[in-house]
Amino acid sequence: MKPKKVPLRKCVACQEMMPKKQLIRIVKTPEDEVLIDLTGKKSGRGAYLCGKESCFKLALKNRALDRALKSKVSPEIYEQLAADFVAVEDEFIAAQEREQDE
């Protein structure tokens, strides 16, 4: 039996290729709303970031999300994402640890 293919995605900040489940998806919805999508299933244009706060700060500095989402992301949205990112980081790490245990 063939092993299942693991989808890879690139972190927009550090440019490292990683399995999709190890990255956090930032999505720009059709209503021009930018938010964090932990399920990876919301419709819209997506960009992926490592689960590290340093990668988020690098993406903010380089405006990497602007390029990946193909639209200007306002500073207010970056501030909101920063707050959400810190809140989601613990949940994301716990989910990764559960997957590794299985």
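The values are calculated or read from the model by the stated rules, or taken from the named source; none is laboratory data. Everything numeric here is computed off the predicted structure, so don't read it as measured data. Counting neighbours? That spans all protein chains shown, and the Cβs are built from the backbone with ideal geometry, glycine included. Heads up: the accessible areas ignore ligands, DNA and RNA and are worked out on the full protein's heavy atoms, side chains in. Shrake-Rupley method; radii C 1.70, N 1.55, O 1.52, S 1.80 Å.
Taking the criterion of being touching a helix residue (DSSP H, G or I) at 6+ places or on another chain (Cβ under 6 Å) and more than 21 Å from M18 (Cβ to Cβ), the residues of the range 29-79 that qualify are V34, K72, V73, Y78.
Of all residues in the range 35-64, those being in a helix (DSSP H, G or I) and touching a Leu at 6+ places or on another chain (Cβ under 8 Å) number 4.
Just for the range 49-65: of the residues that are closer than 21 Å to F92 by Cβ and charged (D, E, K, R), which one is most open to solvent (accessible area, probe 1.4 Å)?
K57
Among the residues of the range 16-27, at least one is modelled with pLDDT of 90 or more, part of a loop (DSSP other than H, G, I, E, B) and within 13 Å of the chain's Cα centre (by Cα). Every condition in (1) in a helix (DSSP H, G or I); (2) of a type outside the set (S, T, N, Q); (3) more than 13 Å from the chain's Cα centre (by Cα) holds for D32 except the one numbered (1). Of all residues in the range 66-85, how many are within 17 Å of G44 (Cβ to Cβ), modelled with pLDDT under 90, open to solvent by less than 60 Å² (accessible area, probe 1.4 Å) and not in a loop (DSSP other than H, G, I, E, B)? Residues that pass the stated criteria total 3. Could you check the range 28-48 and list, in sequence order, the residues that are surrounded by 14 or more Cβ atoms within 10 Å (Cβ to Cβ) and at pLDDT below 90? If the condition is that a residue be surrounded by 14 or more Cβ atoms within 10 Å (Cβ to Cβ) and at pLDDT below 90, then V34, L35, I36, D37, G40 are the ones that fit. Taken over the range 1-11, the criterion of being open to solvent by 30 Å² or more (accessible area, probe 1.4 Å) and under 11 Å from the mean Cα position of the chain (by Cα) is satisfied by R9, K10.
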